[in-house]
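Enquirer: Before anything else, here's the structure in question.
The values are calculated or read from the model by the stated rules, or taken from the named source; none is laboratory data. What you see is a predicted model, and the numbers here were worked out from it, not measured in a lab. Neighbour counts are summed over all protein chains in view; Cβ atoms, including those assigned to glycine, are modelled from backbone coordinates with ideal geometry.
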Amino acid sequence: MIAPSKQAFVPFVSVANMMRLVHAIGVEQVMVDLAAEIEADFRRWPLFDKTPRVASHSEIGVIELMPTSDGETYGFKYVNGHPSNMKRGLQTVTAFGLLADVSTGYPLLLSEMTILTALRTAATSAMAAKWLAPKGATTMALIGNGAQAEFQALAFKAVCGISEVRLYDIDAKATRKCAANLAGRGLTVVACATPEEAILGAQIITTVTADKQNATILTDNMVGAGVHINAVGGDCPGKTELHKDILSRAGVFVEYPPQTRVEGEIQQMPEDFPVTELWQVINGQAPGRTDARAITLFDSVGFAIEDFSALRYVHGKLKSLGLCDQLDMIADPDDPRDLFGMLMRAA
């Protein structure tokens, strides 16, 4: 029997190997690298297939597929969002993803993406803030101190130069957890008792809460001039964090409008509410922050191209780092027309 071809084996990055990869490179360096990869793909945004994610909603959560292709490589991510999982000791978000060769359809990479999604989400936030936040911003309020919080803080430190993070969560245990994890990482960390206290002196406000509801984490009177809001938590229909009056005062920047109008903060607004696509700012086709006193808002819901960038980054690192298993994943008969014969000869 002839041995399977190389294409029959697919590199698989497990959770353990993803953690080894991050430690080998350094978590902040990974975030810097991912921000650069994502920005590079935003620069070639028109080349990608784009579609809103395919979502299956229930009363307790959502399961989604997020596909895209640049014509040479195809990628998709499976991801869920179940806020009630935390009460069961489970993750709110879990994910895995795949890259494939468009010319053959054969998979190139299968990877865990629970950790990788946290990294790419934070990297995308910081990349957007690099273009939209006030120059010289040093202080960020971080409202919502769950699983994504530390990643956001370190991405903004590494990419944007943030030196102080002011933390608030309705669960004080989450704030203590976040503060402990960020200790010794070169940030001044301030635990706050209210969201109003957290935003004092902050030039950047990040909201990253998990409840699946139309919440008002920020009210209009809390937001003054000259700030950048990084709204991460609104990512499905019926789930928002900001009072709609804030949107009316802000310049709103999005990834892919057909998806964001359904899932983001702007689901609260009329269908013709004006937004700017972030890729246009990066390519110099649209203005970003135009005034020191302006309010900018990145209505982040997460888009498939960001996952594609992250998967391709990991795939590239395997060449030097290894840190993967080879899965015998594709049936590879000696004669491509004789799949049945291969099955019978295995008896």
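Enquirer: What about Thr207, is it under 21 Å from Phe151 (Cα atoms), under 20 Å from the mean Cα position of the chain (by Cα) and hydroxyl-bearing (Ser, Thr, Tyr)? Spell out the reasoning first.
Expert: Values: under 21 Å from Phe151 (Cα atoms): yes; under 20 Å from the mean Cα position of the chain (by Cα): yes; hydroxyl-bearing (Ser, Thr, Tyr): yes.
Against the criterion (under 21 Å from Phe151 (Cα atoms), under 20 Å from the mean Cα position of the chain (by Cα) and hydroxyl-bearing (Ser, Thr, Tyr)), Thr207 qualifies.
Enquirer: Please find, among Ala202, Ala137, the residue that is in a loop (DSSP other than H, G, I, E, B), touching a Cys at 6+ places or on another chain (Cβ under 7 Å) and at pLDDT 95 or above.
Expert: Values: Ala202 fails: touching a Cys at 6+ places or on another chain (Cβ under 7 Å).
The match here is Ala137.
Enquirer: Can you confirm whether region 122-133 contains a residue that is part of a strand (DSSP E or B) and under 14 Å from Asn230 (Cβ atoms)? Break it down stepwise before answering.
Expert: Taking region 122-133 and keeping what is part of a strand (DSSP E or B), we get none.
No, region 122-133 contains no residue that is part of a strand (DSSP E or B) and under 14 Å from Asn230 (Cβ atoms).
Enquirer: A further question follows. Which of the residues that make up region 127-175 are buried (at least 18 other Cβ atoms within 10 Å of the Cβ), touching a strand residue (DSSP E or B) at 6+ places or on another chain (Cβ under 8 Å) and small (Gly, Ala, Ser)?
Expert: Within region 127-175, Ala128, Ala129, Ala133, Ala137, Ala141, Gly144, Ala149, Ala153 meet the criteria.
Residue-wise test of (1) under 15 Å from Ala141 (Cβ atoms); (2) modelled with pLDDT of 95 or more; (3) not in a loop (DSSP other than H, G, I, E, B).
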| residue | (1), (2), (3) |
| --- | --- |
| Ile162 | yes, yes, no |
| Ala180 | no, yes, yes |
| Thr206 | yes, yes, yes |
| Ile217 | yes, no, yes |
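Enquirer: I'm told Gly316 meets every condition in (1) more than 21 Å from Asp49 (Cα to Cα); (2) at pLDDT 95 or above; (3) not assigned by TED's automatic domain parsing to the domain that holds Asn17 except one. Can you identify the failing condition by its number?
Expert: (3)
Enquirer: Restricting attention to region 281-322, report how many residues are on the phi > 0 side of the Ramachandran plot and assigned to a helix (DSSP H, G or I). Spell out the reasoning first.
Expert: Restricting attention to region 281-322, the residues satisfying the condition of being on the phi > 0 side of the Ramachandran plot are 284, 302, 322.
Within this subset, residues satisfying the condition of being assigned to a helix (DSSP H, G or I) are none.
Here the count works out to 0.
Enquirer: Any residue in region 226-244 that is modelled with pLDDT of 95 or more, assigned by TED's automatic domain parsing to the domain that holds Phe156, hydrophobic (A, V, I, L, M, F, W, C) and farther than 30 Å from Asp49 by Cα?
Expert: yes
Enquirer: Which of the residues that make up region 63-103 are over 21 Å from Ser300 (Cα atoms) and either modelled with pLDDT of 95 or more or surrounded by 21 or more Cβ atoms within 10 Å (Cβ to Cβ) (or both)? Step through it out loud before you land on a result.
Expert: Here is the first cut: in region 63-103, the residues over 21 Å from Ser300 (Cα atoms) are 70-74, 84-90, 98-103.
Across region 63-103, the qualifying residues are Asp70, Gly71, Glu72, Thr73, Tyr74, Leu98, Leu99, Ala100, Asp101, Val102, Ser103.
Enquirer: Return yes when Lys239 is touching a residue at least 24 places away in the same chain (Cβ under 8 Å), closer than 28 Å to Ser5 by Cβ and among the basic types (Lys, Arg) and no when it is not. Give the derivation first.
Expert: Numbers: touching a residue at least 24 places away in the same chain (Cβ under 8 Å): yes; closer than 28 Å to Ser5 by Cβ: no; among the basic types (Lys, Arg): yes.
Against the criterion (touching a residue at least 24 places away in the same chain (Cβ under 8 Å), closer than 28 Å to Ser5 by Cβ and among the basic types (Lys, Arg)), Lys239 does not qualify.
Enquirer: Would you confirm, using the coordinates I've provided, whether Arg293 is more than 18 Å from Ala122 (Cβ to Cβ), in contact with a Gly (Cβ under 6 Å, 6 or more places away or on another chain) and exposed (fewer than 13 other Cβ atoms within 10 Å of the Cβ)? Show your work before the answer.
Expert: Numbers: more than 18 Å from Ala122 (Cβ to Cβ): yes; in contact with a Gly (Cβ under 6 Å, 6 or more places away or on another chain): yes; exposed (fewer than 13 other Cβ atoms within 10 Å of the Cβ): yes.
Yes; evaluated as a whole, the condition is true for this residue.
Enquirer: Checking the structure you have, find out if any residue of region 20-34 is exposed (fewer than 15 other Cβ atoms within 10 Å of the Cβ), closer than 30 Å to Asp334 by Cα and more than 15 Å from the chain's Cα centre (by Cα).
Expert: no
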